[in-house]
Amino acid sequence: MLKRIPFQKGFRIGGLFGIIVLSVSFLSCGEKAGAEHSRAPLAAALAAADTVINPPDTAAVVEVAPGPVRFTVIGVGDMMLGTNYPSASYLPPNGGRNMLADVRDILASADITFGNLEGTILDEGGTPKRCNNPSACYVFRSPEDYVQHFADAGFDFLSIANNHSGDFGATGRQRTKAVLKEAGIAFAGLAGTDEYAIVERNGVKYGMCAFAPNSGTCSIHNLSKASEIVSKLEEECDIVIVSFHGGAEGASHQNVPRRSETYYGENRGDVYKFSHAVVDAGADIVFGHGPHVTRAMELYKGRLICYSLGNFCTYGRFNLRGPAGIAPIVAVTVDREGAFQEGQITPVYQEKTHGPKIDSQRRAVNTLIELTRADFPETELLITKEGKLTIRK
Ligand SMILES: [Zn+2]
């Protein structure tokens, strides 16, 4: 699978660092020995690093300085690739194969790839959720073979803590979980049964847990329980990813208000307080979604929080107007402790007829720069026009 390549990249970084240490030690040894040769500039030594041959006595140097091993985690927001309910006319052409095609290689390039599964996966049956207002009733049931599109794009973790994972009742949840398991995709977010998932890749353990305000899901409101789940994962894993589906929706709710948000009469959580609480408990990356628009990012205690990743791949029954039609793919590079090192935003956009495509106008990057400046002026996170994420010096 493609997924293994980036991890080897991580190793290459470590290896290069080892060689650099080695060449620097050459230099200092030479100086100590009082060699008459002109001092080789460090830059030249570094440039020649890959031609240096390791003498036996430098092996120890490489061992004590194994280099910064880094891992890349990609997160995206809401995904619903098409629904066969109320009718197959809500399914995209070509069996959904085109939906993620334009971004598949990017998604699969990370060590770990995460997204929010905004619906159920089952061919038929289940009890559709009854709605108070049938004209505004949206329930999502994707065909089972669509799971292959997630697998092909390299998804490792999916959140099932949201307002649609219960759209087809207990049968829907059971079948969705079975289909994901068969495809080798881990999932989390249901209270009491699926509170977290752990995936091991090349000796590194990644944990994921997911929260929402919706019935049956791990609650975004219960901070002590959320912290307990995160602390447990922190003990067992190297890198802990926390997902939440919370906050009010739409273009008029793009700012993070730092208080509980109520929308359609429902408390959608205090996403700021929640995110800080889970980082305090040991979370390394927080991927938020739910507002269907992009929201700001911040670094808190050296950990990246994305307050909303927006609509990523949502076919058919979703409003994609204005800010709801753009979204970021966020790639976060962390060290072995999960501390933020750097990142990259790939801006994408959707239209009614197609899934995410790379946005040459880079709208999601511009939005993230503006919102982050407005909502978190104090953050050390710097977002460049090119979408690069770094720590402000
Ligand atoms: Zn939702």
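Other residues with beta-carbon under 9 Å from the beta-carbon of Val279 carry, at +1 per Lys or Arg and -1 per Asp or Glu, a net charge of 0.
A Cβ-based charge dipole, computed about the Cα centre of region 267-319 with Lys and Arg at +1 and Asp and Glu at -1, lands at about 160 debye. In a fully extended conformation the segment linking Ser252 and Thr171 would gain 25.6 nm over its present Cα-Cα distance, using 0.36 nm per residue. Shape index of region 241-393: Rg/Rh, with Rg the Cα radius of gyration and Rh the Kirkwood radius from the inverse mean 1/r over Cα pairs, equals 0.95. In this label model, Asp145 and Arg97 are separated by 0.9 nm, measuring between points 7 Å along each Cα→Cβ vector.
Since every read-out is calculated from the coordinates, none of them should be taken as a lab result. These numbers were taken from a predicted model, which means no experiment stands behind them. Ideal geometry is used to build each Cβ from the backbone, glycine not excepted, and the neighbour counts take in all protein chains shown.
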